[in-house]
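Please treat every number below as a calculation from the coordinates, not as lab data. Note that the structure is a prediction, hence the values are computed from the model and not measured. So basically every Cβ, Gly included, is an ideal-geometry build from the backbone, and we count neighbours across all protein chains shown.
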Amino acid sequence: MPQRILGVDIGSWSVKGVLVETAFRTFNVVAAHEVQIPPETPDSTLASRRLEALRAVIQDLRADVVVAGYPGDAAAMRFVPLPYADARRIDQTIAGELEDLLPYELEDAVFSHELLTKDAEGSLSLCVAAQSERVKEALDLFQAAGLDPRFMPIDVVELFNLYSHLLHDDASRPEAPPSPSEDAETYIVAAPDAPPDARLLVDIGHERTLVTAASRNGPALLRVLRAGGHDVTRAIATAYEISMDDAEAGKHEDAFVASSRHPAATDAAQTMSDVIARGLQPLIRELRRSLQAIRKERRVRIARIDLLGGGARIRNLPNYLAEELNVPVAYGAAVEQLLEQHIETPRRGAYACALAYALRIAGDERVARVNLRTGEFAYAGQLQSMRERLPFIGAAAAALMILLSANAFVQYQLSSHREAAIDREFCAITKEVVGREICEPAIALSVIKQPTSALGNFKLPEKSSVAIAAELSHRIPSKLDLTVDEMDITTERARISGVTKSFDAVDEIVGAYSESPCFSDIKKGRLRKTADGTAVEFQLSMRLGCAK
């Protein structure tokens, strides 16, 4: 059954929504909307303006599941190595590991974690915390718009979903640095002993830039930079002495930054490039620090930077960053291709976070698992979702019962045919073994067990003299030194004569025979010492109760 998932991203400049439809392990984008957050007025608040934009975005987007993000700069995050991998023990550890990062009390926090890797020596987990009050405010905003998000992940963490679904095998050609050097502070040359390759996803927003180093083992670095497109807009407004609105419009139309391989064509273009470069300096400085930190830790090797976000659409930016950072850089082409039917080229990258949220439950690839909808904020719509799916579940159950019934009938028919064949074969075997055809197993077994003798088919007694003699011998304790001289057995009585060591030994023999229900009325006959006085001669007689 197709399922529609809505990813909602509330940014500092606009609200974006991406609707993804999943079916049979595939997914595709069916709609994408963006509405700019209205400008500030004396009577408005940031929450009211965001709510207005949010309602406008979702009015035509109907979904079965909603995933809405939480800002990473409002959360505490830490990679925590532990000597164990048990989820319950990690839950108990999170608070202590994050306590020194929290500017509020532990009881005022919401915690979540994701187990990234584990081996015989322990595990590595990503642990996050957010202030309960701010999580509640975020949920209240969505619920005021009529949305009840099933998941509330951290935006910078959720970028990993773009890597796992789309970018990990994106073969588009990046802009390479002129000469990457092994001595560079931001680049690790590929080598057999180098860490595993990773990609640095850089989502340049209006006021923030999300930075996620992603590899097959999950996120390796997470940062939220206080730098973005707004810095470039401000640089343009200052240099050209124009309003911020005019500077924003000019940035979207004419922004260009030159590089050694792509210099400015005119003096005006060079002037614009110099202004853009000044606006990009805070971002480049922080990206360089991120790359240096990754190189120092050597957990992964950044083989490429993928640019996302609305602020990344500056002409020649990949070339410029490749030269500045000494790392290959490209636009996230696979992300943009998924959105190309719904969004014009300049704004496709702006939908990165909204798409990442929707991909959390689309497809079969590994996804980020951090979720702030836990504890008191746990999603309460599961029951309603189940009710909505009851007709489908009922139909599926009915179909399953029909299939099971048909299978049972077929199996019964096959078993009946097999049983009839076995019966025929059994009858034939008994005719060969016994001499006549016997089709009842119990009767056949009783006939086969009957002893045969020279008398032919006459049935012998179940208790013969030999069997009784064997029983009498078996009952004598093995520890006794005993010699039987004579044993006389009739259908009703048995008599034994022999020699043993002592009178006590005779009593032991009598006691042993008394334990058998087949021997009763046991009597001692002549008891006397032998001529040399070293043993005792005895006689015993008894009634046979089991003889027939």
Note: ALA249 to THR41 extended length (0.36 nm per residue) minus current alpha-carbon separation gives 72.8 nm
Compute the angle between helix 465-475 and the longest alpha-carbon principal axis of the chain, please, reported from 0 to 90 degrees and rounded to the nearest 10.
60 degrees
Among [x] 19; [y] 34; [z] 48, find the value of percent of Cα pairs over 42 Å apart that was calculated from the structure presented, and write down its label.
[z]
For 531-539, 49-57, ranked highest to lowest by mean beta-carbon neighbours within 10 Å, the order is 49-57, 531-539
For region 232-344, just the Cα set please: Rg and Dmax, both in angstrom.
15.4, 46
Mind checking the full-extension length gain between GLU376 and GLU344? Use 0.36 nm per residue of separation minus the Cα-Cα distance, one decimal, nm.
7.4 nm
Residue by residue through region 250-264, which ³J(HN,Hα) values in whole Hz follow from phi under the Karplus form 6.51 cos²θ - 1.76 cosθ + 1.60 (θ = phi - 60°), with glycine and proline marked x?
x, 4, 5, 8, 10, 4, 8, 10, 7, 9, 5, 8, 9, x, 5
A correct Karplus calculation of ³J(HN,Hα) over region 269-283, with 6.51 cos²θ - 1.76 cosθ + 1.60, θ = phi - 60°, whole Hz and x for Gly and Pro, returns 5, 5, 4, 4, 4, 4, 5, 4, 4, 5, x, 7, 4, x, 5
Which order results if TYR70, TYR84, TYR379, TYR331 are arranged by neighbouring Cβ count within 10 Å, fewest first?
TYR84, TYR379, TYR331, TYR70
Near-label residues of region 411-427 by backbone N, under 18 Å of a point 7 Å along Cα→Cβ of CYS439:
416-427
Determine, for each peptide in 483-490, 285-292, the mean count of other beta carbons within 10 angstrom over its residues, then list the peptides with the highest first.
285-292, 483-490
Under a crude label model (7 Å from the Cα following the beta-carbon direction), how far is LYS529 from ARG475 in nanometres?
3.0 nm
So if each residue of separation counts as 0.36 nm, and I subtract the Cα-Cα distance between GLN3 and LEU115, what length gain in nm does that give?
37.6 nm
If we count other beta carbons within 10 Å of each Cβ, what is the order of ILE302, ILE284, ILE343, fewest first?
ILE284, ILE343, ILE302
Sequence-distant or interchain residues sharing an amide H contact under 5 Å with ASN371, placed H: which?
HIS113
Taking the alpha-carbon centroid of each part, what is the distance from region 463-539 to region 196-221 in angstrom?
95 Å
Give the span of region 465-544's Cα atoms along each principal axis, as three whole-Å numbers ordered largest to smallest.
36, 22, 21
Between the modelled labels at GLN411 and ARG226 (7 Å from Cα along Cα→Cβ) the distance in nm is 6.8 nm
Could you work out how far apart the two model spin labels at VAL499 and LYS136 are, taking each label as a point 7 Å from the Cα in the direction of the beta carbon, and quote it in nm?
10.5 nm
Can you give the charge dipole size of the chain about its Cα centre, rounded to the nearest 20 debye, using +1 on the beta carbon of Lys and Arg and -1 on the beta carbon of Asp and Glu?
2220 debye
Region 81-158 versus region 1-74: alpha-carbon centroid distance in Å
23 Å
To test your reading of the geometry: what angle, between 0 and 90 degrees and rounded to tens, separates the Cα axis of helix 382-434 from the longest principal axis of the chain?
30 degrees
Against the longest principal axis of the chain, how steep is helix 87-98, in degrees 0 to 90 to the nearest 10, with axes from Cα atoms?
30 degrees
Of LEU403, LEU225, SER14, whose Cα points farthest to the positive end of the dipole of the chain (charges on the beta-carbon: +1 Lys, Arg; -1 Asp, Glu; origin at the Cα centre)?
LEU403
Amide hydrogen neighbours beyond the local backbone of ALA109, cut-off 5 Å, H modeled:
SER132
Kindly write out, for region 294-310 in residue order, the coupling ³J(HN,Hα) from the Karplus curve 6.51 cos²θ - 1.76 cosθ + 1.60 (θ = phi - 60°), rounded to whole Hz, with x marking Gly and Pro.
5, 5, 5, 6, 6, 6, 9, 10, 6, 8, 6, 10, 10, 8, 9, x, x
